[in-house]
Amino acid sequence: FNTFDGFLRSKPSADSVQNWIAEFPKDIPESEALLIKDAARLFNELHALPEPECDAVRKPVLSMSAGMKHFTGKKKERGELRVRNLGELNAYCFFVAGVVGEMLTRLVRARALDYRLTQSELSRLKIASGARFGLFLQKINILKDQTGDELSRRFFVHDRGEVLSSLKDDAEHAIAYLLSIPERMSSYRRFCAWALFLGLATVPLLKMPEAKAPRKLPRTEALLLAARLELEIKENAKLQRFYSELAKKAFSDVGASASSFAREQDGIYDLYQGELSEAEFQQLLT
């Protein structure tokens with residue numbers, strides 16, 4: 001983690017990256033091994049970015065690194081990673097995926113002149129909503145992968161009903177974020193809409209018997225969803241109606257979420273290197 005953080009802060013030499021790669025276990029998954037092989041190129045391309053864009057990537061990834069160091073440390077201490085309440089789950093999801101929402105928002109802001117964004121449009125693109133978008137997507141993955149995670153002694157789902165309930169709140173922030181993206185930015189809207197609506201359409205599958213095993217939306221349904229999004233991507237009113245339609249199917253029988261935030265999370269804000277205030281950060285965890 002410390003070496004990785006150093007590479008984010010300043011461009012590493014090819015030799016230092018190769019030495020770092022050599023320290024990884026030989027039995028890591030093939031996909032991860034292939035990613036690590038590209039590490040030198042990725043670090044080079046990061047540091048070739050203009051500084052505002054480099055910083056927009058660097059700080060969220062440093063936050064992610066600190067969060068993952070924190071949680072993997074807990075797994076090493078206990079022999080397992082066990083989330084005990086919604087607050088801890090939100091903290092984990094924030095450092096895995098919430099920071100990605102922040103990074104994307106900061107990248108859009110860094111390119112504000114290219115996108116011809118007005119100050120009013122910039123003010124509507126809220127980092128906190130982008131982060132909650134990330135929480136929504138990560139919880140979908142956690143609910144889909146519960147069985148496999150638990151075989152690997154990663155217990156993220158303390159209460160499946162409570163996690164499903166919390167998705168309702170996260171989804172409301174996600175659609176608010178999507179609708180805050182100017183309608184002329186159709187490519188970015190499409191990117192975000194695809195993730196949000198695919199996640200929403202997957203929620204009913206997560207409530208079916210044996211839903212703890214991995215389940216995917218059938219390909220035909222996914223293609224139909226993509227086709228409808230393509231027709232409606234440029235109009236907020238149409239997107240809102242489509243969202244309401246899928247959210248009703250996803251959450252009509254899901255109760256309201258009740259926070260079980262643990263004060264043990266005090267101090268975790270120190271791991272974070274982004275733009276959210278401590279009050280905004282703590283609100284994400286509740």
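The values are calculated or read from the model by the stated rules, or taken from the named source; none is laboratory data. Since we're looking at a predicted model, the values are computed, not measured. Because the Cβ atoms are built from the backbone with ideal geometry, glycine has one as well, and the counts that use them run over all protein chains shown. Accessible surface is based on the protein model in full, side chains and every heavy atom, while ligands, DNA and RNA are left aside. Shrake-Rupley method; radii C 1.70, N 1.55, O 1.52, S 1.80 Å.
For q values of 0.09, 0.12, 0.15 Å⁻¹, compute log₁₀ I(q)/I(0) with the Debye formula on a Cα-only model of the range 42-183, without solvent.
For the requested q values the scattering log ratios are -0.33, -0.56, -0.82.
Sort Lys216, Lys144, Lys234, Lys75 from largest to smallest accessible area, using a 1.4 Å probe on the heavy atoms of the protein chains.
Largest to smallest exposure gives the sequence Lys216, Lys234, Lys75, Lys144.
Which whole-Hz ³J(HN,Hα) couplings does the range 269-280 yield from phi under the Karplus relation 6.51 cos²θ - 1.76 cosθ + 1.60, θ = phi - 60°, glycine and proline marked x?
Once rounded to whole Hz, the list reads 4, 5, 7, 8, 10, x, 9, 5, 6, 4, 5, 5.
Residues with amide H under 5 Å of Arg82's amide H, sequence separation 5 or more or different chain, H placed in the peptide plane at 1.01 Å from N; which?
Phe155
Write down the Å³ per residue value for the convex hull defined by the alpha carbon atoms of the range 1-117.
123 Å³
Got a sec? Charge dipole of the range 3-114, +1 on Cβ for Lys and Arg, -1 for Asp and Glu; which of Leu34, Met64, His47 is way out at the positive end?
About the Cα centre, the residue reaching furthest to the positive side is Met64.
Just want the answer: with Cβ charges of +1 for Lys and Arg and -1 for Asp and Glu, which residue in Leu137, Thr202, Thr118 is farthest toward the dipole's positive end in the chain?
Thr202
Multiply the residue gap between Ser152 and Glu280 by 0.36 nm, knock off their C-alpha separation, and tell me the result in nm, one decimal place.
42.8 nm
A 31 angstrom limit on the alpha carbon distance is what I want to check against. Which of Lys37/Lys144; Lys69/Lys249; Lys69/Lys248; Lys144/Lys248; Lys75/Lys216 exceed it?
With Cα atoms farther than 31 Å apart: Lys69/Lys249; Lys69/Lys248.
So for the chain, averaging the separation of alpha carbon pairs under 8 Å that are six or more residues apart and normalising by length, what relative contact order in percent results?
22 percent
Based on Cβ point charges of +1 for Lys and Arg and -1 for Asp and Glu, what charge dipole magnitude is obtained for the chain about its Cα centre, in debye rounded to the nearest 20?
In debye, rounded to 20, the chain gives about 580.
In µm²/s, what is D for the range 1-41 at 20 °C and 1.002 mPa s, where D = kT/(6 pi eta Rh) by Stokes-Einstein and Rh is the Kirkwood radius from Cα pairs?
Diffusion coefficient, whole number: 200 µm²/s.
Compute the Cα gyration tensor for the range 5-71, then decide on rounded, prolate or oblate, letting a ≥ b ≥ c be the square roots of its eigenvalues: rounded whenever a/c is under 1.5, prolate when a/b is larger than b/c in the other cases, and oblate in all that remain.
Oblate.
Given the rule -39500 (n - 2.57) for each run of at least 4 DSSP H residues, summed and divided by the residues of the chain, what is its mean residue ellipticity at 222 nm, to the nearest 500 deg cm²/dmol?
-21500 deg cm²/dmol
Among Tyr188, Gly148, Ile175, which residue has its Cα positioned farthest towards the positive end of the charge dipole of the range 142-209, with +1 placed on the Cβ of Lys and Arg, -1 on the Cβ of Asp and Glu, and the dipole taken about the Cα centre?
Result: Tyr188, furthest along the dipole toward the positive end.
Any chance you could look up the accessible area of Lys74 with a 1.4 Å probe, heavy atoms only, rounded to 10 Å²?
Surface open to solvent at Lys74 totals about 40 Å².
Give me the extension gain from Asp159 to Leu34: residue separation times 0.36 nm, minus the current Cα-Cα distance, reported in nm with one decimal.
The Asp159-Leu34 span can extend by a further 41.5 nm.
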